[in-house]
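Here's the structure we're looking at; comments come further down.
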Amino acid sequence: MAGRLENRVAIVTGGGHGIGKAYARRLAGEGARVVIAELDEAAAHAVARELAEAGHQALAVATDVSDPASCQRMAAAAMERFGRIDVLVNNAAIFATVPMSRAAFDKIAVEEWDRMMSVNVKGTWLACLAVIPHMRARGYGKIINISSSTSIKGSPSRIHYVTSKAGVIGFTKTLANEVGGDNICVNCVAPGSTLSEENPDEGVLKMRGDAASVRALKRVQTPEDLTGAVLFFASSDSDFITGQTLVVDGGNCLH
Ligand SMILES: NC(=O)c1ccc[n+]([C@@H]2O[C@H](COP(=O)([O-])OP(=O)(O)OC[C@H]3O[C@@H](n4cnc5c(N)ncnc54)[C@H](O)[C@@H]3O)[C@@H](O)[C@H]2O)c1
């Protein structure tokens, strides 16, 4: 049976680790040719190699989403290898692999605030700037931005991260309005606390376990819990849905 993304080309930023890796695997499993655009070049190649060994087409591209020229090279590499870009998953962020301080609002360094906005917010915009001209040329596109349920329900600590993820929701609504005329859908997925760390220590396991106890579905959230929502927004099943944010957190943030 043909996959739901047969003939499609998808870019996953930050696809070398954690949840992004799960998105890359799921999109490839549905027939997409996948570009892993990642700051950690070795991790990008490892995921691309894994996908190729499973019979999929994949390309690793070293990318820093906070750098306009790097984003342009990412889109150019995808076009050169596959000739089209149908899906962009803006997943790269300062979070776990590139860690953030989980500190109070008055304990966060100005430099870390700036870097957070540069990657999580500006990086989302820069990747769109590089990719949308190619989507426009074909009159089709699916952009999926990754926010966080913390930006809807609020959360103590890491105010720079939460603020950046709230920005992604406003960005999604505005861009959806601006590119709807080109038949490009822009949606957002807001994950809950997810066990995405590759080698979690006791503290991380406790944090993810505590999150499980306060959601309707009482178990730890895994990266695979998020892939269905991203696949939905990447597929033709969501062709008349744009500007929306879907919370995937097992029923904690009920908005
Ligand atoms: N895990 C959670 O609990 C959770 C909850 C809500 C939202 N999210 C979001 O889900 C996404 C994936 O998170 P994760 O848990 O897999 O964490 P992660 O830190 O492992 O994933 C982020 C990825 O982005 C890459 N990256 C960082 N800076 C980059 C840059 N400048 N350019 C390109 N790539 C860069 C990292 O190398 C990593 O592969 C992030 O957007 C995160 O904010 C995660």
Suppose we filter the stretch 9-24 for residues that are of a type in the set (A, V, I, L, M, F, W, C), open to solvent by less than 10 Å² (accessible area, probe 1.4 Å) and within 14 Å of the ligand (Cβ to nearest atom); how many remain? 4
What is the residue count in the stretch 25-76 for residues that are within 13 Å of Ala10 (Cβ to Cβ), assigned to a helix (DSSP H, G or I) and away from the ligand (no atom under 14 Å from the Cβ)? 4
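Residue check: is Arg4 of a type outside the set (A, V, I, L, M, F, W, C) and assigned to a helix (DSSP H, G or I)?
Criteria not met by Arg4.
Restricting attention to the stretch 175-204, which residues are without any contact (Cβ under 8 Å) to a residue 12 or more places away in the chain and either within 11 Å of the ligand (Cβ to nearest atom) or touching an Asp or Glu at 6+ places or on another chain (Cβ under 9 Å) (or both)? Even if it seems obvious, please write down each step before you answer.
We begin by selecting, within the stretch 175-204, every residue without any contact (Cβ under 8 Å) to a residue 12 or more places away in the chain; these are 178, 181, 199-204.
Those that are without any contact (Cβ under 8 Å) to a residue 12 or more places away in the chain and either within 11 Å of the ligand (Cβ to nearest atom) or touching an Asp or Glu at 6+ places or on another chain (Cβ under 9 Å) (or both): Pro200, Val204.
Which count do you get for residues in the stretch 179-238 that are exposed (fewer than 14 other Cβ atoms within 10 Å of the Cβ) and closer than 21 Å to Arg138 by Cβ?
Final tally of qualifying residues: 4.
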Selection from the stretch 158-176 of residues that are open to solvent by 30 Å² or more (accessible area, probe 1.4 Å) and either in contact with a Gly (Cβ under 7 Å, 6 or more places away or on another chain) or at pLDDT below 95 (or both): Lys173
Find the residue count for the stretch 88-114, including only residues that are outside any loop (DSSP other than H, G, I, E, B) and more than 16 Å from the ligand (Cβ to nearest atom). 4
Could you count how many residues in the stretch 115-154 are in a helix (DSSP H, G or I) and not hydrophobic (A, V, I, L, M, F, W, C)? 13
When (1) at pLDDT 95 or above; (2) in contact with a helix residue (DSSP H, G or I) (Cβ under 9 Å, 6 or more places away or on another chain); (3) open to solvent by 10 Å² or more (accessible area, probe 1.4 Å); (4) within 13 Å of the ligand (Cβ to nearest atom) are applied to Ser118, the one that fails is (2)
Please go through the stretch 170-195 and pick out each residue that is in contact with a strand residue (DSSP E or B) (Cβ under 8 Å, 6 or more places away or on another chain) and either within 18 Å of Met100 (Cα to Cα) or among the polar types (S, T, N, Q) (or both). Thr172, Asn183, Asn187, Pro191, Gly192, Ser193, Thr194, Leu195
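Being surrounded by fewer than 18 Cβ atoms within 10 Å (Cβ to Cβ) and aliphatic (A, V, I, L, M) is the filter here; which residues of the stretch 80-106 pass it? First the steps, then the outcome.
Applying the first criterion (surrounded by fewer than 18 Cβ atoms within 10 Å (Cβ to Cβ)) to the stretch 80-106 yields 80-81, 83-84, 96, 98-99, 101-106.
Scanning the stretch 80-106 gives Ala96, Val98, Ala103, Ala104.
The values are calculated or read from the model by the stated rules, or taken from the named source; none is laboratory data. Since the structure is predicted, the reported quantities are computational estimates derived from the model, not experimental observations. When we count neighbours, we look across all protein chains shown, and the Cβ atoms used for this are built from the backbone with ideal geometry, even at glycine. Keep in mind that these areas ignore ligands, DNA and RNA; they rest on the heavy atoms of the full protein, side chains included. Shrake-Rupley method; radii C 1.70, N 1.55, O 1.52, S 1.80 Å.
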